[in-house]
Amino acid sequence: MNLRTSDRVIYLLICSFALLNGISVATATELSPDQLAFFEGKVRPLLIKHCYECHSTESKKLKGGLLLDSKEGWMAGGDSGEAIEAGNPNESRLIESVRYKNSHLQMPPKYQLSEAEISVLERWVQMGAPDPRTGTKVTKAPGIDWEKGKKHWAFQPVARPTIPVVKNTNWTQGDLDHFVLSKIEAAGLRPAPDADRFALIRRVTLDLTGLPPTVSEVGAFVHDSASDDEALAKVVDVLLQSPSFGERWGRHWLDVARYADSVGKTRNIPFPYAWRYRNYVIDALNSDKPYNEFLAEQVAGDLLNATDKQDREEKLIATGLLALGSMDLNERDSEQFQLDRIDDQMDTLGRATMGLTLGCARCHDHKFDPIAQSDYYAMAGVFASTATLSGQQNRQGGSKQYHQPSLLAKLDIPPSTKPSDSKKSNTPTSNNEAQIAKLKNRLKQLQAEAKSKNNRARLKAEVTQIRQQLAKLGETEIRPAQAKNKKNAPEEAIDMDAALAMAAAEGRVTNLALRVRGEPDIKGDVVPRAFPTIFSRMQLPPLPSRESGRRELAEWLTSRDHPLTARVMVNRVWAHLLGRGLVETVDNFGASGAAPTHPELLDHLATQFMDEGWSVKSLIRSIVLSRTYRLSGQQLPANAAVDEANSLYWRANLRRLEAEAIRDSLLTAGGMLQTDRPAGAPFDSSDAGDLGKGNRKGKAEDPIVRPVRSVYLPVFRSKLPGMFTVFDFAEPDQVNGQRDVTTVPPQALFLLNNPFVVDVAKRAAARILEQNLPDEKTRIRFAYAYSLCRYPTEAETERALIFLNETKDKQSNWAALTQALYSSAEFRYLP
Amino acid sequence: MNTCRNTFTAVTRRGMLQTTAAGFGWLAFAALNAEKVLATPEDFASPLAPKQPHFTGKAKRVIFLFMQGGPSHLDTFDWKPELKANHGKTMSNSDGDKRKGGTLLAPQFQFEPKGKSGLQISSLFPEVSRYADDLCLLNGMHTSNAAHPQATIALHTGSANFVRPSMGAWTTYGLGSENQDLPGFITINPVGLGGAQNYGSSFLPASYQGTRVDLEAGGIADIRNRHLTFGRQRSQIDLIQEMNRDLLDKHPGNPELDGVIQSFELAYRMQTSVPTVLDLKTEKSGTLERYGINQEATQEFGTQCLMARRLAESGVRFIQVSKKGWDQHNNLKSALTENCLAVDQPIAALLQDLKERDMLKDTLVLWGGEFGRSPQDQANSGDGRRHNNSGYTMWMAGGGVKGGMRYGATDETGGTSVLGKIGTHDLHATILHLLGFDHTKLTYRYAGRDFRLTDVYGEVAKEILA
């Protein structure tokens, strides 16, 4: 909602407390004949003419909850409080609004009353607002129904459920299968058969690492003489240890952390150090950092005990979560800016960790959930007491720049020397190194030349070309020392290598005043910092007067007694692996969200998750080793007749891969993927300054051609790579726990025509042709195994043979065939 | 449409996609009133299939001529004799608002009554003013923010602060498209400010997002196949589709796979339809001349306008063309002259063509920027004006609005709208009304609540309805 569009916002939204109190209406006193004459002659016609359209019981739509067609009406006031203070025009909102001096409060909204009309109303109020119109019943919207709210399933403590008994005990692998099978059996159905090993190895490898298995990995698994259980367990343990695991599952978390490398909105200034948080997340997943610690560090890492310097630094970087929000840097009102920042933090934390849409209570009591507006401001006080170090400030006046290194956290250890970085840095071949050095030298030369005015265009072209070549060599650290573009000069003074991080720190401890209708200027009561009332049955840690309260917030959030934290996380993991959450609305566990289809299973997983030390890897392991995960997608008509939507999980859901997994699979197929983590930021200082400004034609390189994993490409808000947008990458503006799956023609155009895909197909075809294989049939067999992890059917082989014989050019035919394989739905869907 | 809320039991987009058996989730919505689907195969209804609005709207499509930067209403379409009379007068900072202070700068161009209606239009628009009797000047425009980015995004999406679907996406969501070989919403040369937000679909299904056409970059991304002959590509697509159908056989009725198959066919057709519709070579030289495509000053915008006409004729629902550079803090006279020269003749040609084809009656043409400019001189240079969001002008033509009308007004000197005020949400409410929608009922459920283009605001400017 646009809070600043104020001249129309009069009395619109609901501020609760005025309404909750009983409305007492004074009995109508007798009016003097003069008063009556004045009211009937002047006031009533004026009210009818200018006000009744929106403020009477006859109004099509009552505006602002204010009735002006009865004394009871105006005495009860509107949504934003008292409308008339009898005898005191200057204290009456009605008079203020018709005077048109307050741009937030102007009535009637479309035009101003004449001076004479205004003075009639002023005189009337001055007289004590004598009003003969009585007898109208005033009804008001009810407030929060706390009793009902408390009963909502998601606020009940997590209970350890008993494992249900099933008939077919041969089928179940682990406890969770009992929960799934018992429901299937209760519906009189049976589960689909298991997926074959070809499908299973592809599914589990892509699920855990975001990369397809190699042909030899497929072969090893398919021919493993061990039982299905043992063979799968072996593979899963290897995959969980792969660094690729964190790159995939870290990205899942980055979706809900609304991670981005630029601030977005009006002045889209990049975040040069956001990548440290990104790496923190990936590393945390890889080291299986317990989820409760993972959360606590992101909320209050700066306040937690650290074992050493590096640990402290890591915990500081973790708080980057709070600083990554999308802000409107062009917002000149500092208070508005701060409240918007807090709202981003509330909304992100609420939905990402608790599935609670706290942000809905910023302007009014939550419409669906038991979150009062005062609850919002109570918790918001914690963030108001926190300094958010995003490295950016809103512009007030025009002279200051948006990027402010002083508004960042300083790190003790220069990150480039960090062992974790050097371990993961590029290890180019010596050949490459020489070439990179050469290119870099040339680049420096060009940049020096570019300072003189001649030949700019040609130089630019060559610079772009060199950057592309460097990118292809996996070299992303290109940092011209000097800014080239005068217009962006102040913004470009960014030291990309500085030991700085986005983070949170303690601010001045303060309590926030409630804002009526969310308007910064209209302050209500100051609300002491606290956790939402609905959680009061938990042991809530008291908030200290000398600290922001983030430490306690983290403690509360990660408490075993918190009814939401573990449930929300296990549900996210389940949704990623099974295609749909047990609670389908993964970011909303409130009353407007979906109810769990398997509430006991949800609690079982949550309990087990906490019992096993909040280990995400253990949780994933237990799910992928279950029988449920292993099902094939086979359609069973009898089941479909009862449960077509597969809400019982009687078969595998067909799941489309995310943009990153599609792209990384393509890079793998073309033999182009470099699996090492590129060092530093995913962009260079030439990307500093407002990304929304101008066309930036010099930056024509499409980042998707870089040979790095997709998680390491820049995530500039509003400037995502075309391929990401087309394949439904998570909009990085807010929490996004479940991506959309669209099927639009630009996806087909990308696969059919994009030079990157064409290049991949050519390279993949060359790799297939390189194999020492006897004939086309065998090559086709290999191509299918290589691309889709399975062998072709007879019919498919025949089709491919015909296709390969349509023209004479063998290379081109094979490139077209492999491109067809990569364009097929099968390539981008998990079996 | 007001039954949307009841129709959708699933609460997420993905949920809808998965649980609706009949194809795409929003098919349920389409099916409420769907016309016969024109050009798609039997058992599949495209999300872009034409849909009936709430009531019969006069406008069937929109062409939005976006003038980014804040064109001066005071020198073009809002005649203020008092401003002329009070030239040089110093205004006080009333209410402590420094924006209200400064020296008044008279209109810099001559105004004259035009057409039978006698609409006052300045000498900057000699060609457009020939269609004065078709124009409905909205002189009472105002918006909440005086900064370009916020105001631009708000104009397109209704919200300056949040990522929301653009009005073109809402329009296409509501009405579908009349041509199944083309996207329903196309934006030509979109401005950088606000970026993809200006034509994004946000939480609406991606089918409704604007497809961008970049004239310099050669049109739509990846629209051309450069490595296979057409026949060879067809045979490649046949191979892909056979694989897709095999997969669909294993997952009968799967809406996503159904969608994949359809998307390849539409993509294949777009490779021909898009370049064809954007190819101006088939136009007569006289037409190109009328649009000014043969002259440097008008070439770029003329090309956009002619393309817009061709897209409109082809059944595209929402077409936007853009012209940047209306931010005249200085060089008011020369820059404004140059800008108006660039757009005047092309716009007139567009209006003429629409009239000749009897399409103006159901095509809403909307002209304007994100805000206007101040009556005060920028820096007493006599040649610049500041931003002004509290009063400015847009105009509409066709699509069910009264022609030859001046609706709303700014105060005497043109700084603040005082009559017939139209804010951003009111503008959107009015456009949706013209298209046949009750703006309070064109909703989409997302993240647990129903969203509208107009949020909780918006009043239709009923007085301008023909």
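The values are calculated or read from the model by the stated rules, or taken from the named source; none is laboratory data. Only a predicted model underlies this, so the values are computations on that prediction, with no experimental measurement involved. Methodologically, a virtual Cβ is constructed for each residue, glycine included, from the backbone with ideal geometry; neighbour enumeration extends over all protein chains shown.
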- Within segment A:735-756, track down each residue that is in contact (Cβ under 8 Å) with a residue 12 or more places away in the chain and facing chain B (nearest Cβ under 8 Å). A:Gln738, A:Arg739, A:Asp740, A:Val741, A:Thr742, A:Val744, A:Pro746, A:Gln747, A:Ala748, A:Phe750, A:Leu752, A:Asn754
- Looking at B:Ala348, B:Ala335, which one is within 18 Å of the chain's Cα centre (by Cα), assigned to a helix (DSSP H, G or I) and either surrounded by 16 or more Cβ atoms within 10 Å (Cβ to Cβ) or touching a residue at least 12 places away in the same chain (Cβ under 8 Å) (or both)? B:Ala348
- Item | Single unsatisfied condition, A:Asn639 versus (1) closer than 20 Å to A:Thr172 by Cα; (2) touching a residue at least 40 places away in the same chain (Cβ under 8 Å); (3) assigned to a loop (DSSP other than H, G, I, E, B); (4) within 14 Å of chain B (Cβ to nearest Cβ) | (3)
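Can you tell which of A:Ala296, A:Ala284 is free of Cβ contacts under 8 Å to residues at least 60 places away in the same chain and closer than 21 Å to A:Asn736 by Cα?
A:Ala284
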- Is it the case that some residue within segment A:732-746 is assigned to a helix (DSSP H, G or I) and buried (at least 24 other Cβ atoms within 10 Å of the Cβ)? yes
- Message: Restricting to segment A:760-800, name every residue that is at the interface with chain B (Cβ under 10 Å from one of its Cβ atoms) and under 18 Å from A:Pro707 (Cα atoms).
- Response: A:Ala761, A:Lys762
- Counted residues in segment A:111-134 being of a type in the set (A, V, I, L, M, F, W, C) and farther than 29 Å from B:Asp411 by Cβ come to 2
- Message: Given the condition closer than 24 Å to A:Lys148 by Cα, surrounded by 23 or more Cβ atoms within 10 Å (Cβ to Cβ), more than 10 Å from chain B (Cβ to nearest Cβ) and in contact (Cβ under 8 Å) with a residue 40 or more places away in the chain, answer yes or no: does some residue in segment A:590-597 qualify?
- Response: no
- Message: What pairs come out if I take residues in segment B:66-81 that are more than 12 Å from B:Thr410 (Cβ to Cβ) and pair them with residues that are of a type in the set (Ser, Thr, Tyr) whose C-beta lies under 7 Å away, six or more apart or interchain?
- Response: B:Phe66/B:Ser322; B:Gln68/B:Thr152; B:Gln68/B:Ser322; B:Asp75/B:Ser122; B:Thr76/B:Ser122
- Note on the structure: Expected single match for within 14 Å of chain B (Cβ to nearest Cβ), within 23 Å of B:Gly408 (Cβ to Cβ) and among the charged types (D, E, K, R) among A:Lys49, A:Lys101 is A:Lys101
- Within segment B:431-443, can you find the residues that are within 13 Å of chain A (Cβ to nearest Cβ) and crowded, with 24+ Cβ neighbours inside 10 Å? B:His439
- Item | Verdict on B:Thr303 being under 20 Å from the mean Cα position of the chain (by Cα) and more than 14 Å from every other protein chain (Cβ to nearest Cβ) | yes
- Message: Looking only at segment B:270-285, filter to residues that are more than 18 Å from B:Ile319 (Cβ to Cβ) and not basic (Lys, Arg); which one of those is farthest from the other protein chains (Cβ to nearest Cβ)?
- Response: B:Ser285
- Complete set of residues in segment B:351-383 that are charged (D, E, K, R) and surrounded by fewer than 24 Cβ atoms within 10 Å (Cβ to Cβ): B:Asp353, B:Lys355, B:Glu356, B:Arg357, B:Asp358, B:Lys361, B:Asp362, B:Asp377, B:Asp383
- Between residues in segment A:533-547 that are assigned by TED's automatic domain parsing to the domain that holds A:Asp365 and residues that are of a type in the set (Ser, Thr, Tyr), which pairs lie under 7 Å by C-beta distance while being six or more apart or on different chains? A:Met538/A:Ser559
- The number of residues in segment B:119-165 that are closer than 18 Å to B:Lys323 by Cα and part of a loop (DSSP other than H, G, I, E, B) is 4
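Rundown of residues vs (1) touching a residue at least 40 places away in the same chain (Cβ under 8 Å); (2) at the interface with chain A (Cβ under 8 Å from one of its Cβ atoms); (3) part of a helix (DSSP H, G or I); (4) not hydrophobic (A, V, I, L, M, F, W, C), yes/no style:
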| site | (1), (2), (3), (4) |
| --- | --- |
| B:Arg234 | no, no, yes, yes |
| B:Ile240 | no, yes, yes, no |
| B:Asp249 | no, no, yes, yes |
| B:Pro252 | no, yes, no, yes |
| B:Leu257 | no, yes, yes, no |
| B:Gln262 | yes, yes, yes, yes |
| B:Tyr268 | no, yes, yes, yes |
- Item | Subset of segment A:550-589 [within 17 Å of the chain's Cα centre (by Cα), closer than 20 Å to A:Asp177 by Cβ and within 14 Å of chain B (Cβ to nearest Cβ)] | A:Asn571, A:Ala575, A:His576, A:Gly581
- Where a residue in segment B:99-127 is on the phi > 0 side of the Ramachandran plot and at pLDDT below 95 and its partner, wherever it lies, is part of a strand (DSSP E or B) and buried (at least 21 other Cβ atoms within 10 Å of the Cβ), with Cβ under 9 Å and at least six apart: B:Gly102/B:Ser374; B:Gly102/B:Pro375; B:Gly102/B:Gln376
- Message: Going residue by residue through segment B:374-389, is there one that turns out to be farther than 20 Å from B:Leu135 by Cβ, touching a Pro at 6+ places or on another chain (Cβ under 7 Å) and more than 13 Å from every other protein chain (Cβ to nearest Cβ)?
- Response: no
- Message: Pull out all pairs, ordered by first then second residue, where Cβ-Cβ is under 7 Å, the residues are six or more apart or on different chains, the first lies in segment A:105-124 and is away from chain B (no Cβ under 12 Å), and the second is in a loop (DSSP other than H, G, I, E, B).
- Response: A:Leu105/A:Ile10; A:Met107/A:Ile10
- Task: Report, by residue number, each residue of segment A:283-326 that is assigned to a loop (DSSP other than H, G, I, E, B) and either under 19 Å from the mean Cα position of the chain (by Cα) or not β-branched (Val, Ile, Thr) (or both).
- Result: A:Ser287, A:Asp288, A:Lys289, A:Pro290, A:Leu304, A:Asn305, A:Ala306, A:Asp308, A:Leu324, A:Gly325, A:Ser326
- May I ask you to list the residues in segment A:315-338 that are surrounded by 23 or more Cβ atoms within 10 Å (Cβ to Cβ), of a type outside the set (A, V, I, L, M) and away from chain B (no Cβ under 14 Å)? A:Lys315, A:Thr319, A:Gly320
- Message: Residue under question is B:Gly210, and the condition is that it be within 29 Å of A:Glu701 (Cβ to Cβ), touching a helix residue (DSSP H, G or I) at 6+ places or on another chain (Cβ under 6 Å) and surrounded by 23 or more Cβ atoms within 10 Å (Cβ to Cβ); does it hold?
- Response: yes
- Condition met for B:Val191 (within 10 Å of chain A (Cβ to nearest Cβ), modelled with pLDDT of 85 or more, part of a helix (DSSP H, G or I) and buried (at least 21 other Cβ atoms within 10 Å of the Cβ)): no
